[in-house]
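Data block below; observations after.
The values are calculated or read from the model by the stated rules, or taken from the named source; none is laboratory data. Nothing here was measured: the structure is a model prediction, and the numbers come from that model. Neighbour counts run over all protein chains shown; Cβ positions are idealised from the backbone, glycine included.
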Amino acid sequence: MMPQQVIPRTTTVKRAIGLIELRSIARGMKTTDAILKAADVELLRAHVVCPGKYIILVAGTISHVKNAVSVGQQIAPEVVVDQFILSNVHPSVFPALTATTEIEEVKAIGVVETFTLAASIVAADTAVKAAPVDLIEIRLPFAMGGKAFTVFTGEVSAVRNGVRAAAELLKDEGVIDSFEVIPAPHKSLIEKLL
């Protein structure tokens, strides 16, 4: 008798992320609670960032993330500073948001510094889709005056292409501060990044 084949249950694939940035910590906490009660999303981040703002970052299917951001905007419209929905997110963005990416080798380094977390996430997603690079981290704006940055690695030409694509996409929005490509970074710098 043949063993019965077990078909695994399907799991929801994270295809989108949504971010709401508020200028009130108390309203941010209330909004987080309302979002989680109203939408089937995974809470990636919900906390204070500089300069005294509160961010809510969620992931899930595109429709669930849209619902979450919509609910968030309705709960506290007077304190919403920024919001965005990024659909079809590259899978490597998720571990980069929590600095849990496993990198085997750092070759060249690309850094894209932005004035908002939303722009940094968009820069990371753009870079990794534009060139064969590995995201190292998307650093949240904490103790950096509200700035955020994305760091990635790969061959020098790939890193240049990733940086160029991200900078080109963000240049007209006024949210990019600076960007750099560092070929053959020093071993001590690599140790601090990983």
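Values computed for the structure shown
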read-out: Per-region count, the stretch 83-101, residues surrounded by fewer than 18 Cβ atoms within 10 Å (Cβ to Cβ) and either out of contact with any helix residue (DSSP H, G or I) (no Cβ under 7 Å at 6 or more places or on another chain) or at pLDDT below 90 (or both); value: 8
read-out: Any chance LYS171 is modelled with pLDDT under 95, in the same structural domain as VAL122 (by TED's automatic domain parsing) and surrounded by fewer than 16 Cβ atoms within 10 Å (Cβ to Cβ); value: yes
read-out: Close pairs from the stretch 161-189: first more than 13 Å from ALA123 (Cα to Cα), partner crowded, with 17+ Cβ neighbours inside 10 Å and modelled with pLDDT under 95, Cβ under 7 Å, at least 6 apart; value: PRO185/VAL106
read-out: Residues of the stretch 20-42 classified as assigned to a strand (DSSP E or B) and aliphatic (A, V, I, L, M), total; value: 2
read-out: Residue among ALA165, ALA123, ALA148, ALA119 that is aliphatic (A, V, I, L, M), more than 24 Å from LYS66 (Cβ to Cβ) and assigned by TED's automatic domain parsing to the domain that holds HIS186; value: ALA165
read-out: Any pair with Cβ under 8 angstrom, 6 or more apart, that starts in the stretch 18-46 at a residue that is without any contact (Cβ under 8 Å) to a residue 24 or more places away in the chain and ends at one that is buried (at least 16 other Cβ atoms within 10 Å of the Cβ) and in a strand (DSSP E or B); value: LEU43/ILE56; LEU43/LEU57; LEU43/VAL58; ALA46/TYR54; ALA46/ILE55; ALA46/ILE56; ALA46/LEU57
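Matching residues to (1) under 18 Å from ILE121 (Cβ atoms); (2) surrounded by fewer than 16 Cβ atoms within 10 Å (Cβ to Cβ); (3) touching a Lys or Arg at 6+ places or on another chain (Cβ under 6 Å); (4) of a type outside the set (Val, Ile, Thr):
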site	(1), (2), (3), (4)
ASP33	no, yes, no, yes
ALA39	no, no, no, yes
LEU43	yes, yes, no, yes
CYS50	yes, yes, no, yes
ALA59	yes, no, yes, yes
GLY72	yes, no, no, yes
ALA76	no, no, yes, yes
VAL81	yes, yes, yes, no
